[in-house]
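Colleague: Take this structure, written in structure tokens, and hold onto it; I'll ask about it next.
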Amino acid sequence: MQQVEVLGLRLEYRDFPATRNDLPPLVLLHEGLGSVAMWRDFPQKLAAASGARVVVFSRAGYGGSDAYPEPRTPRYMHHEGEQMLPAFLAALGIERPLLVGHSDGGSIALICAGAHPERVVGLVAMAPHEFVEEITLAGIRAAREVWQKSDWRDKLARYHRDPVRVFHDWNDTWLAPEFRDWNIEDYLPRIACPVLALQGEDDEYATMRQIEVIGAVVPDAEVLKLPACGHSPQRDQEAAVLAAIVGFAERLSGSCR
């Protein structure tokens, strides 16, 4: 695992080099409980299938990355998309990437592309959130019950330096009353790059409205609904997701520097 300093914090990452030079670099953004390790071998498979450079990292507080000293606020994804992600890209010298975000990572990618439209060449949003739905809150409440009654803490400890904080930063923030009005739809019309929004038809954390809004508002957006698929398309429909991302990257061929 490699490390890089971003705005005073050491972040862990892995970097799979390109085997062809006509594709933009792909940068993977993990879910609300994710990390580099929790992507499993998906980044390697994506690099092999596409030939593009693939970079995956753990956000601050996740995996082995340094944590923020201050508590999380309802604007944590805004901070990641507007400040931390651009700073991470600059630290690695990555210009105009294709962002691939899952769940929270998809939301962060949308924020980044809306806040910095000139810096993103393309975006794949897998099961992203743009607003809070009751199905999401119900799933997060159910996750809290599982956390309290199971060995989930021990399982997360395999992937995170501080699994308790990782869980509560995610769970407590989403269930806080002040988070009910969280919404990032105002970023969508500002996105200038092509977007592929995909979601499982059996997503237990969101309705299809999440990607339908992207399709309706983003000027150049494609929506892909995956059958027999829950909230983690890269695991439930790995082959279909790899093919979709590779095809999308090919569409952007030649857009990198």
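Colleague: Report yes if some residue within segment 25-33 is in contact with a strand residue (DSSP E or B) (Cβ under 9 Å, 6 or more places away or on another chain), touching a residue at least 40 places away in the same chain (Cβ under 8 Å) and farther than 24 Å from Glu250 by Cα; otherwise report no.
Modeller: yes
Colleague: Helices (runs of 4 or more DSSP H) wholly in segment 18-103 with at least 1 residues that are among the acidic types (Asp, Glu) and open to solvent by 10 Å² or more (accessible area, probe 1.4 Å) - which ones?
Modeller: none
Colleague: Here is a follow-up. Can you say whether Ser103 is within 20 Å of Thr173 (Cα to Cα) and in contact with a Pro (Cβ under 9 Å, 6 or more places away or on another chain), as far as the supplied structure shows?
Modeller: Yes; evaluated as a whole, the condition is true for this residue.
Colleague: Same structure again: Assess whether Ala157 counts as being farther than 19 Å from Leu29 by Cα and without any contact (Cβ under 8 Å) to a residue 12 or more places away in the chain.
Modeller: It is true that Ala157 is farther than 19 Å from Leu29 by Cα and without any contact (Cβ under 8 Å) to a residue 12 or more places away in the chain.
Colleague: Among the residues of segment 104-131, write down those that are open to solvent by 10 Å² or more (accessible area, probe 1.4 Å) and part of a helix (DSSP H, G or I).
Modeller: Matches in segment 104-131: Ala115, Pro117, Glu118, Arg119.
The values are calculated or read from the model by the stated rules, or taken from the named source; none is laboratory data. A quick note: this is a predicted structure, and the numbers were derived from the prediction, not measured. Cβ atoms come from the backbone with ideal geometry, glycine included; neighbour counts cover every protein chain shown. For accessibility, only protein heavy atoms count, side chains too; no ligands or nucleic acids. Shrake-Rupley method; radii C 1.70, N 1.55, O 1.52, S 1.80 Å.
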